[in-house]
1. I need 434, 249 ordered by Cβ neighbour count within 10 Å, fewest first.
2. Averaging over every viewing direction, what projected area does the convex hull of the Cα atoms of region 343-457 cover, in nm²?
3. Just flag the trypsin sites (Lys or Arg not before Pro) in region 110-181 sitting in loop per DSSP whose Cβ has no more than 14 other Cβ atoms within 10 Å.
4. For a quick check: with amide H placed at 1.01 Å from N, whose amide H comes under 5 Å from residue 211's, ignoring anything fewer than 5 positions away on the same chain?
5. Would you mind counting up the charge near residue 324? Only other residues with Cβ under 15 Å from its Cβ, with Lys and Arg at +1 and Asp and Glu at -1.
6. Please report, ordered by residue number, every helix of the chain (full DSSP H runs) that is 30 Å or longer along its axis going by C-alpha atoms and whose mean Kyte-Doolittle hydropathy reaches -1.0.
7. Arranged by the count of other C-beta atoms within 10 angstrom, fewest first, what order do 441, 31 take?
8. Assigning unit charges at the beta carbon (Lys, Arg +1; Asp, Glu -1) and nothing else, what dipole magnitude in debye, to the nearest 20, does the chain show about its Cα centre?
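Every number here is computed from the coordinates shown, using simple stated rules; none is lab data. Owing to the predicted nature of the structure, the values given are computational and were not obtained by experimental measurement. Cβ coordinates were reconstructed from backbone atoms using ideal geometry, including for glycine residues, and neighbour counts include every protein chain displayed.
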Amino acid sequence: MSIKSKIIASYILLITIIISFFGAIILISLEKYYITNMTYILESQGATFSHVFDSYIDADIYTIGQDVAKKLSKDINAKVQVLNIEGLLLGDSSVNAKPYPLKINTPDVSAAIKGNTGTYIDSEYGEKILNVSVPIKNSLNYVAVLRLSTSLNNVSDLVRKVSYIIVGVLLASILLSYLIGIVFAARITKPLNMVKDATIKMAKGNFNVRAKKITNDEIGMLADSFNKMAEELSQLDNIKNEFISNISHELRTPLTSIKGFAVTALDDIDKDNGLFEYLSIINSEADRLTSLVEELLDFSRIQSNRLKMSYQKFDIVNLIKETISMLKPAINRAGINIKYSGPENYIINGDKDRIKQVLVNLIDNSAKASQCGNNINIVLNISDKVMIKVIDEGSGIPCDELSKIFEKFYRSKNSRYSGTGLGLSIVKGIIEAHKGEINVESEVGKGTTFTITLPKN
């Protein structure tokens, strides 16, 4: 989960918890308030109505119970029951006839039998009922119990309506917190994303990138630290490039001398002489070292943006065929076939020698990765751009290495061939200097395709 999502989720969770907590308190308090109020009313009415029995106090409670219950119920919105001191039901306003003497043992009745006012809430057919029982006494003893009962449906309906309002407020608050979270998250993540993007660019070798400082908080301090690190790395990279350039230039002179002495000596020595073989090795290794030095110089020029291009119009088809002809003998000796597919001619504008350097590098890599019987195809397509593909049937490149092969000094851990790891980095630099791009697709065991895309003009 991204930081932005976490911030938004935190806002929503916090708002949900707060509103749910206070909403629950409101609902509980509201229900408790109404029940307490209704209980007080019933207790007051019960205490008042208990005096009605004064005029019947000498009568038979078993006889007058139903009449008293009916009479009292006309004055209040509640069910009235009359019970004797043993808890037997003697009168019930909800029925017309005298009820069957059912014994009621609820807590409120038990409290009234003991001389106290009792309260009890029970559920009858899913409906909450508030019951208040008041003791009735003559001058000497408790003789009956007056029980008042009323439905709490109105309270439940009110609580339900309030809960709907709270849920509505909660949903609106969640939406509002989501919108606020997006705004605040964007303000927080924007500078972080800028640092992240700068880090990605630096990881790809761009040491000149800097993170823009937007705020003066910890994120701003992070941007400052990143920029300081980038400055140090940029200086180190410049020192390294200067060293490579200087040492390469210094090596050129002695290599030229070694090459010259070797060639001169070879011209003066008979091939049957034992020294001829050693001089040939010296000459060959001098050529190889010279090639490496030129590679290092090219790399240094690319890194310091000093790679010079000699643009001219030339036939790209002739250049491809010329490169194939140059490399074909060595490739065929390895049992590998190479061929060209595409138009017979097409003129482009570019540095002919540099494009040839790119083709030589890619074809040479394909040959090294191929085995006897494999094919290498060079395909040229012309559309809105010039597209050159170098396709081989070699060992392929592992998926986790594809994104790294153009990095400087990168060499596959499983590479079977020596090198500086600069070849493809130089290739990419040359193509990008032509305002083009190079991509690679590969599957282990099936082969690799390098695609060069160049502008027509």
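1. 249, 434
2. That works out to 7.5 nm², a quarter of the Cα hull's surface.
3. In loop regions of region 110-181 (DSSP not H, G, I, E or B), the sparsely surrounded trypsin sites (Lys or Arg not before Pro) are 114.
4. The answer is 227.
5. The answer is +1.
6. 3-49, 153-203, 218-268, 274-303
7. In increasing order of surrounding Cβ atoms, one gets 441, 31.
8. So the magnitude is around 720 debye.
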